[in-house]
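Some notes on the structure that comes next.
Derivation of every value follows stated rules applied to the coordinates shown; laboratory data play no part. Values in this document were obtained by computation on a predicted structure and should not be read as measured data. A quick note on method: Cβ atoms are made from the backbone with ideal geometry, for glycine too, and the neighbour counts reach across all protein chains shown.
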Amino acid sequence: MESEFLKMFLIASIICLLPAIYNLTVVRFGKYFDEYITNFCDECVVGTYTINKDKSVDVKGSVYIKFSKVKRIPFKFNNVFGNFHIANSDLTTLRNCPKFVERNFCITNTKITNLEYLPLTIEGNMVFNDNKLLKSLDGLESNNTLGTKSFDDGLYEVYLRSKQIDDILK
C-alpha cells in the first residue's frame, strides 16, 4: 500500500512538473534553440556570428542589446571581436557575457547588482554607467585583464559612473 502511494505521488509530481520541463527542454536543448539564438543575434549583432557546438556564440563584430526586457542573456557569448554593449535593459546579471571582448565592454542603465561573470579579457575599456542597483564590485578579479595589463599591475581603466560608486568603494 505504501509503495503504491509513493508511486502515485511520484507520477502526480512528474505530471505537475512536465510543462516546466518541456519548456526548458524546448528552449534550451531542443531543435528550436538554434533558431532562437539566430533570431536574437539577428537583432543585436552588427557583423557576423557563429553558433558553436556547445551553443555558445562567437561574434566578428559588435553586440548591442538595447531596450530589452531580458533579465539574463539567454545563451553564452564566447568571443566577441568588437564591442559588447548592453543598454537600457532589465538585465540583472552578467551571466553568459563573453569570456573575451576585443574592444569595449559597456553596461549602461541596467539592474545588475555586482560584476560577477565579467569577461576574463577586455582589450578595450570597461564602462558601467547609470546602473543604479550596482552595490558591489564583486566579480572584478585579479585574473581579469584589460588590454595588456592585468588588474594586479595596477591598471584600472574601469569607468564606473554612478552616484553609488563612492558608497561602494567606502
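Of the two radii for the range 33-120, the radius of gyration is 0.92 times the Kirkwood radius, both from the alpha carbons; that is the Rg over Rh value.
Using the structure shown, select from LYS71/LYS132; LYS99/LYS132; LYS60/LYS135; LYS76/LYS111; LYS55/LYS135 the pairs with a Cα to Cα distance greater than 27 angstrom. Table pairs above 27 Å Cα-Cα are LYS60/LYS135; LYS55/LYS135. Expressed as a whole number of Å, what is the distance separating the alpha-carbon centroids of the range 30-99 and the range 112-131? What the calculation gives is 15 Å, centre to centre. Report note on the peptides 100-107, 53-60: ranked by the mean count of other C-beta atoms within 10 Å, highest first, their order is 100-107, 53-60. One chain, two ends: TYR36 and VAL70. Fully extended at 0.36 nm per residue, the span grows by 10.9 nm beyond their Cα-Cα distance.
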